[in-house]
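Just below is one structure, and these are the notes that go with it.
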Amino acid sequence: MSTETGNTYTVDTEPAARDIDDIDLHEYETRPVLKFLIAFLIGGVFFLLPVPYQGEVTVPFDIVVSNITGAFPNVIGVYSLAIILAGGILTTLAMASDGEVAGYDLSSFETSGVFWALRVAGVLVAPVMFFKLGPEWLHTPSTGGLMWGTLVYSVGVIIPIGAIFITIFVELGGLEFVGTLARPIMRPLFKVPGRAALDSLASWVGSYSVGLYVTRNVFEDGGYHKRDVFTIATCFSTVSIGFVGVVAATLEMLPKFPLIFGAYFFCVVVTGVILVRVPPISRIPEEYIAEPDPELAFSGTPSDYVRLAVSEAVGKAKDGETFAQAAKRGFVDGLKLTSLILGTILAVGLAATLLSAHTPVFDILGRPLTPVIAALGIPNAEVVAPATVVGITEMYVPVLLVSETATKAKFFVGVLAVSQLIFFSSVGPMMMDMFSDVPIRFRDLVALFIMRTVLLVPLIAGITHALAALGLL
């Protein structure tokens, strides 16, 4: 049973867990089974299949995005400029007219005054970046060049392309299949539904942008309450496997990639288990913004979970859209989401990278940590200490700071940078803008960054020394 209060819903009582014999499983009709299998195969190949490409191992999704942004930079630049302008203009019209203009529903562009200002700031900044106006220091590879030519271009392409394939996967049974199998892990460890495993998987193999897109869609359909969303966004919007490879290559430690990725995965799990049980996450209300659609309460053997997973997936595929309908809706939704967040990412991210590059703020903040880093036995403590805090601006900056340090220092910072997760060149403003109805607030993200860092510094130091003692570093 659920109760509606204003615009939110709550679940009054949790149903008792049922076993496999108490559930009416779906019949395995040929058409829905084929729809699920084909959708699962499409999503699996696009996001998960490792393939060799230009001397590295990556996935088709990364290859498609890299080729589009690399082959058509001018086109992507025009597209990015246009979609940021559209987002800012449509938001302004929506805010000025209560969400409707000339019969068109623009309510999805309505937001708070703060994010309206940030989208407008994006409108003002985008032409400056596109036409390379203003002083040269605004367009350096570590500031404007990074934000415009790398992050804005990548996010602008990743979301609509990823949305096509992830929508096919989700709408034709993939979410039910992965979510059902993951329940015995996700609920006890992280206090989130099993379906949250798909959001995390989308981030690991694709991009945090795609993961957040999945989270938003499930949230709007009543599959997550606000605490679920807050947990998933702040603990599982992870750096992709491909980017971990970029970090390893930048540090000239690509042969150590399995060690870096393994440590990163371990750190994300450990911090997630801890942080979901303490404020601010534990204080977020369990409120839904749509009629609640919680997962079926179930208990059984591993084989029972497999049977239920297949049944739920086939049932979803039977009632779901066609491939063409899902792909079209995913692309349109992806474009809309991109127009909502890209200007905010540009405005906040440019400010964050300029602050990092042209002020001593992070050197000052990192200075008290120098004796701590030294006491933990990490070399080059005077360089590593600022790198532990500068990651809040952009995850790649700490890696650049330690590129000339000792191997143990490189490993420590490389794992730390990708494990902190929260940074304000992209994912921070994206979370706040996408989930203003949760709400995910700036102060909460800063608090969680600090808490993650406090947990991660000794944890990664211990991993570093253990690997060194085994002769692996």
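Could you tell me which numbered condition Ser303 fails, if it satisfies all but one of (1) in a helix (DSSP H, G or I); (2) open to solvent by 40 Å² or more (accessible area, probe 1.4 Å); (3) touching a strand residue (DSSP E or B) at 6+ places or on another chain (Cβ under 9 Å)?
(3)
Would you pick out the residues in the stretch 252-277 that are β-branched (Val, Ile, Thr) and open to solvent by 50 Å² or more (accessible area, probe 1.4 Å)? Before the answer, list the steps.
Filtering the stretch 252-277 for residues β-branched (Val, Ile, Thr) gives 260, 268-271, 273-274, 276.
Scanning the stretch 252-277 gives a single hit, Ile274.
Restricting to the stretch 113-129, and then to whatever is surrounded by fewer than 16 Cβ atoms within 10 Å (Cβ to Cβ) and not aliphatic (A, V, I, L, M), can you tell me which residue is nearest to Leu337 (Cα to Cα)?
Checking each candidate, the answer is Gly113.
Could you list, in sequence order, the residues of the stretch 207-231 that are under 15 Å from Met432 (Cβ atoms) and crowded, with 22+ Cβ neighbours inside 10 Å? Full working, then the answer.
Taking the stretch 207-231 first, the residues under 15 Å from Met432 (Cβ atoms) are 208-209, 212, 215-216, 219, 226, 229-230.
The answer is Tyr208, Ser209, Leu212, Thr215, Phe219, Val229, Phe230.
State all residues of the stretch 373-408 that are of a type in the set (D, E, K, R), within 14 Å of Phe449 (Cα to Cα) and open to solvent by 10 Å² or more (accessible area, probe 1.4 Å); if no residue qualifies, say none.
Once the filter is applied, which keeps residues that are of a type in the set (D, E, K, R), within 14 Å of Phe449 (Cα to Cα) and open to solvent by 10 Å² or more (accessible area, probe 1.4 Å), the stretch 373-408 yields nothing.
Considering only the stretch 158-168, I want to know if a residue exists there that is open to solvent by 20 Å² or more (accessible area, probe 1.4 Å), in contact with a Phe, Trp or Tyr (Cβ under 7 Å, 6 or more places away or on another chain) and either closer than 23 Å to Tyr396 by Cβ or of a type in the set (Val, Ile, Thr) (or both). Steps first, please.
Filtering the stretch 158-168 for residues open to solvent by 20 Å² or more (accessible area, probe 1.4 Å) gives 158, 161, 164-165.
With in contact with a Phe, Trp or Tyr (Cβ under 7 Å, 6 or more places away or on another chain) added as a condition, the list becomes 164-165.
Subsequent filtering for residues that are either closer than 23 Å to Tyr396 by Cβ or of a type in the set (Val, Ile, Thr) (or both) retains 164.
Scanning the stretch 158-168 turns up at least one residue that is open to solvent by 20 Å² or more (accessible area, probe 1.4 Å), in contact with a Phe, Trp or Tyr (Cβ under 7 Å, 6 or more places away or on another chain) and either closer than 23 Å to Tyr396 by Cβ or of a type in the set (Val, Ile, Thr) (or both).
Every residue, every condition in (1) out of contact with any Lys or Arg (no Cβ under 8 Å at 6 or more places or on another chain); (2) part of a loop (DSSP other than H, G, I, E, B); (3) within 13 Å of Leu350 (Cβ to Cβ); (4) open to solvent by 50 Å² or more (accessible area, probe 1.4 Å), yes or no:
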position: Val75; (1), (2), (3), (4): yes, no, no, yes
position: Leu90; (1), (2), (3), (4): yes, no, no, yes
position: Leu93; (1), (2), (3), (4): yes, no, no, yes
position: Thr111; (1), (2), (3), (4): no, yes, no, no
position: Leu138; (1), (2), (3), (4): yes, no, yes, no
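Pick from Leu421, Leu448, Leu416: which is on the phi > 0 side of the Ramachandran plot and open to solvent by less than 40 Å² (accessible area, probe 1.4 Å)? If you could, list the steps in order and put the result at the bottom.
On the way: Leu448 fails: on the phi > 0 side of the Ramachandran plot; Leu416 fails: on the phi > 0 side of the Ramachandran plot.
On inspection, the qualifying residue turns out to be Leu421.
Which pairs do you get when a residue that is farther than 10 Å from Thr180 by Cβ, found in the stretch 290-303, comes within reach of a residue that is open to solvent by less than 70 Å² (accessible area, probe 1.4 Å) and of a type in the set (Asp, Glu), reach meaning Cβ atoms under 9 angstrom, with the pair 6+ apart or on two chains?
Ser299/Asp19; Gly300/Asp19
So which strands (runs of 3 or more DSSP E) stay within the stretch 1-67 end to end and still have 2 or more residues that are exposed (fewer than 11 other Cβ atoms within 10 Å of the Cβ)? Write out each step before concluding.
Working: elements: 2-5, 8-11, 51-53, 56-58.
It comes to 2-5.
The values are calculated or read from the model by the stated rules, or taken from the named source; none is laboratory data. Just so it is clear, the structure is predicted and the values come from calculations on it, not from any experiment. Positions of Cβ are backbone-derived with ideal geometry, glycine not excepted, and every protein chain shown enters the neighbour counts. Please note that ligands, DNA and RNA were not included when accessible areas were found on the heavy atoms of the full protein model with its side chains. Shrake-Rupley method; radii C 1.70, N 1.55, O 1.52, S 1.80 Å.
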